[in-house]
Amino acid sequence: DLVGTRPRLSQTRALQVLKEVAEALNSAPTEQRAAAEALSRVADLLGVQTGWVWLRDMGSGRFYSAAVQSLPPYLQEPVRMTGRSCWCLELFRTGQLTARNIDVVECSRLAPAVRSRNASETHGLRCHASVPLYAGDRPLGVMNLAMRGWRRLTRQELDLLTTIANQVGVAIERARLGEQSIQHARADERSRIARDVHDTLAQGFTAIALQIEAALSHLEPRDRARSSLRRALAVAREGVEETRRSIGALRSSPLENRSLVDALGMLARRFTADTGVRVRMELSDVGALPEEMESELYRIASEALSNVHKHAGAREASLRLEKIRGGVRLIVGDAGRGFRLRGARARGFGL
């Protein structure tokens with residue numbers, strides 16, 4: 001084993017490194033870019049060529065390779081860099097690898113090639129310095145800097161790595177929040193377009209179909225115009241179905257991995273917070289339903305509450321979900337002004 005230290009960093013050089021890292025991270029638009037920028041500069045700081053960064057996926061909790069630099073041939077095979085557990089990730093998971101105990105560890109991913117003495121596949125690498133990345137108390141991932149020999153890190157290097165790790169953690173968290181904001185904006189825009197399509201094309205095709213059906217009802221059975229009107233009616237109905245498919249494609253899943261009962265409860269609470277209209281809820285557990293059915297029930301409830309707000313002038317509404325023989329029943333009601341059925345068709349096609 002090779003044991004040694006590098007020459008002591010000057011204060012000027014340390015400040016220059018911190019400045020470069022801060023500038024690079026400040027302009028990084030994504031978490032992968034932030035990881036790559038930090039990896040490049042920290043590798044230069046320690047005088048190493050090879051490194052990689054593991055980041056923890058927020059949704060699944062699994063680790064993925066977010067950035068790499070000059071990997072040896074053995075690690076260039078994708079199967080070597082999956083998110084499976086290794087020594088450094090296990091130390092990180094169990095809380096043994098923190099900013100206060102950055103250390104050099106043997107690389108368990110390289111170990112099989114090291115044992116076979118295949119230096120051409122490992123480029124002589126066998127260990128790495130592992131720098132944990134956190135955003136506050138939230139674990140984000142690990143930055144590994146690979147070394148050909150084994151050497152202790154100086155106190156100055158450790159302090160500098162701790163400071164840089166804090167910068168990287170903040171940058172990654174900021175990038176993630178930025179990406180989430182973009183995703184939410186896209187989802188909102190898709191929902192807006194879906195609503196516009198529903199209120200224009202879908203309603204228009206439905207209106208055309210209704211008018212054609214009314215015209216057909218007034219024709220004699222052998223009227224020559226009947227065949228043309230039937231073709232037009234078929235086209236209008238196809239337009240309605242195609243519009244519905246487009247709306248479904250535009251709208252993302254509204255449940256967001258929640259149960260139907262939880263999603264409806266959150267919908268009702270949000271509706272009350274936004275409008276001041278209280279919603280009485282009677283939500284029974286209806287068991288597992290097909291995903292498409294749950295999404296449709298949720299959207300029906302959402303649209304119904306939206307109409308309560310826009311048209312009913314109600315102070316209170318009710319939302320009831322129950323299991324019945326052979327199916328599920330959803331009832332949305334309100335104590336609003338109502339409308340006269342005779343004039344309802346003239347104002348729209350929803351009923």
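The values are calculated or read from the model by the stated rules, or taken from the named source; none is laboratory data. Here the structure is a predicted model, which is why all the values come from computation and not from measurement. Here the Cβ is made from the backbone with ideal geometry for all residues, glycine too, and neighbour counts use every protein chain on show. With ligands, DNA and RNA removed, areas are computed over all heavy atoms of the protein, side chains included. Shrake-Rupley method; radii C 1.70, N 1.55, O 1.52, S 1.80 Å.
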*Which residue, Pro29, Pro73, Pro290, has the most motion in a Gaussian network model of the chain that connects Cα atoms within less than 10 Å?*
Pro290
*What residues qualify as long-range amide H neighbours of Leu97, i.e. H under 5 Å apart, gap of 5 or more or another chain, H built at 1.01 Å from N?*
Phe92
*Each residue of segment 276-286 in turn: what ³J(HN,Hα) in whole Hz from Karplus with 6.51, -1.76, 1.60 and θ = phi - 60°, glycine and Pro shown as x?*
x, 7, 6, 10, 7, 10, 10, 10, 8, 6, 9
*segment 237-316: D in µm²/s via Stokes-Einstein (Kirkwood Rh, Cα pairs, 37 °C, 0.692 mPa s)?*
234
_If you roll a 1.4 angstrom probe over the protein chains with everything in place, what fraction of the accessible area of the chain belongs to carbon and sulfur, to the nearest %?_
50
*asked:* No solvent, one uniform scatterer per C-alpha: report log10 I(q)/I(0) for segment 16-115 via the Debye equation at q = 0.12, 0.15, 0.21, 0.24 1/Å, two decimals.
replied: -0.44, -0.71, -1.36, -1.54
_Rg/Rh for the chain to two decimals, with Rh computed the Kirkwood way over all alpha-carbon pairs._
1.20
_Could you derive backbone 3J(HN,Hα) for segment 28-37 from the dihedral phi with the Karplus parameters 6.51, -1.76 and 1.60 (θ = phi - 60°), listing whole Hz in sequence and x where the residue is Gly or Pro?_
6, x, 10, 5, 5, 5, 4, 5, 5, 5
*In nm, give the distance between the simple-model label positions of Arg117 and Glu291, each being 7 Å from the Cα along the Cα-to-Cβ direction.*
5.3
*Looking only at Gly61, Gly47, Gly327, which one moves most when the chain is put into a Gaussian network model with springs between Cα atoms under 10 Å?*
Gly327
*Considering only Ala225, Ala185, Ala99, give the residue with the highest GNM mean-square fluctuation for the chain, with springs between Cα atoms whenever their separation is below 10 Å.*
Ala225
_Inter-centroid distance (Cα atoms) of segment 203-247 relative to segment 25-84, Å_ = 59
*Using 0.36 nm per residue, how much length does the chain from Ala99 to Leu229 gain when fully extended, once their Cα-Cα distance is taken away?*
39.3 nm
_Solvent-accessible area per residue for the chain (1.4 angstrom probe, square angstrom)_ = 60
